[in-house]
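**Q** My questions will all concern the structure given below.
The values are calculated or read from the model by the stated rules, or taken from the named source; none is laboratory data. If you're wondering where the values come from, they're calculated on a predicted model, not measured in any experiment. Every residue, glycine as well, gets a Cβ built from its backbone with ideal geometry; the counts of neighbours run over all protein chains shown. Each accessible area value is taken on the protein alone, full model and side chains, heavy atoms only, with ligands, DNA and RNA left out. Shrake-Rupley method; radii C 1.70, N 1.55, O 1.52, S 1.80 Å.
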Amino acid sequence: FGRLYQRYVKRIYNYLYRHTGNQAEAEDLTSRTFFRALRSLHQYKDRGGAFQAWLFRIAHNLVVNWYRDQSRHPVVSLEVTGDHPGQATHHDEPHEHIIRTERRVLVARLIAQLPEDRKTLLILKFVEKMANEEIGKVLGKTEGAIKSLYHRTLLDLREILEREEFADGLF
């Protein structure tokens, strides 16, 4: 189990951090994910699916409960997110760096406003680089349902961007 922990702990933590935006919450949920996995390891049966899908499913269930708790007891995070000043390259013009930073912040804000299942889908697809079939196992949906949800999510994001009519030329 120690090797499994070492192999997946960073990915699980990053997944949970992207949902919570809070280091302490992500650490707590990560430890609970691995505790539940260890406690249930004897029940795990390899049915052709990846172990990581099972582990992400546990993390997903915990983050769903976390969202439910947050809606009952809203908390404002004091952590700063978005801008990463060290990411500018040496040949970047200052205004180009500012525009890229504003785009990242805007996209992160829009994604944060998505329903939990759509946000999870984007995190698993683009950050964790999971295939649709594996995402389906995590979310308890068919591969076709994942493709449909992905398509609808991108269309909704595009519509939100167009509706906002970003006069500042970010998009």
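**Q** So is Tyr8 surrounded by 15 or more Cβ atoms within 10 Å (Cβ to Cβ), out of contact with any His (no Cβ under 8 Å at 6 or more places or on another chain), free of Cβ contacts under 8 Å to residues at least 24 places away in the same chain and assigned to a helix (DSSP H, G or I) or not?
**A** no
**Q** Do you know which residues across segment 110-140 are part of a helix (DSSP H, G or I), within 23 Å of Phe51 (Cβ to Cβ) and in contact (Cβ under 8 Å) with a residue 60 or more places away in the chain?
**A** Thr120, Ile123, Leu124, Val127, Glu134, Lys137, Val138, Leu139
To keep it simple, each residue is scored yes or no on (1) open to solvent by 20 Å² or more (accessible area, probe 1.4 Å); (2) within 24 Å of Leu110 (Cβ to Cβ); (3) touching a Cys at 6+ places or on another chain (Cβ under 7 Å); (4) without any contact (Cβ under 8 Å) to a residue 40 or more places away in the chain.
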site: His19; (1), (2), (3), (4): no, yes, no, no
site: Gln23; (1), (2), (3), (4): yes, yes, no, no
site: Asp28; (1), (2), (3), (4): yes, no, no, yes
site: Arg32; (1), (2), (3), (4): yes, no, no, yes
site: Ala37; (1), (2), (3), (4): no, no, no, yes
site: Leu41; (1), (2), (3), (4): yes, no, no, no
site: Leu55; (1), (2), (3), (4): no, no, no, no
site: Asn61; (1), (2), (3), (4): yes, no, no, yes
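**Q** I would also like to ask the following. Hey, can you tell me all the residues within segment 137-152 that are at pLDDT 90 or above and of a type outside the set (Lys, Arg)?
**A** Result: Thr142, Glu143, Gly144, Ala145, Ile146, Ser148, Leu149, Tyr150, His151.
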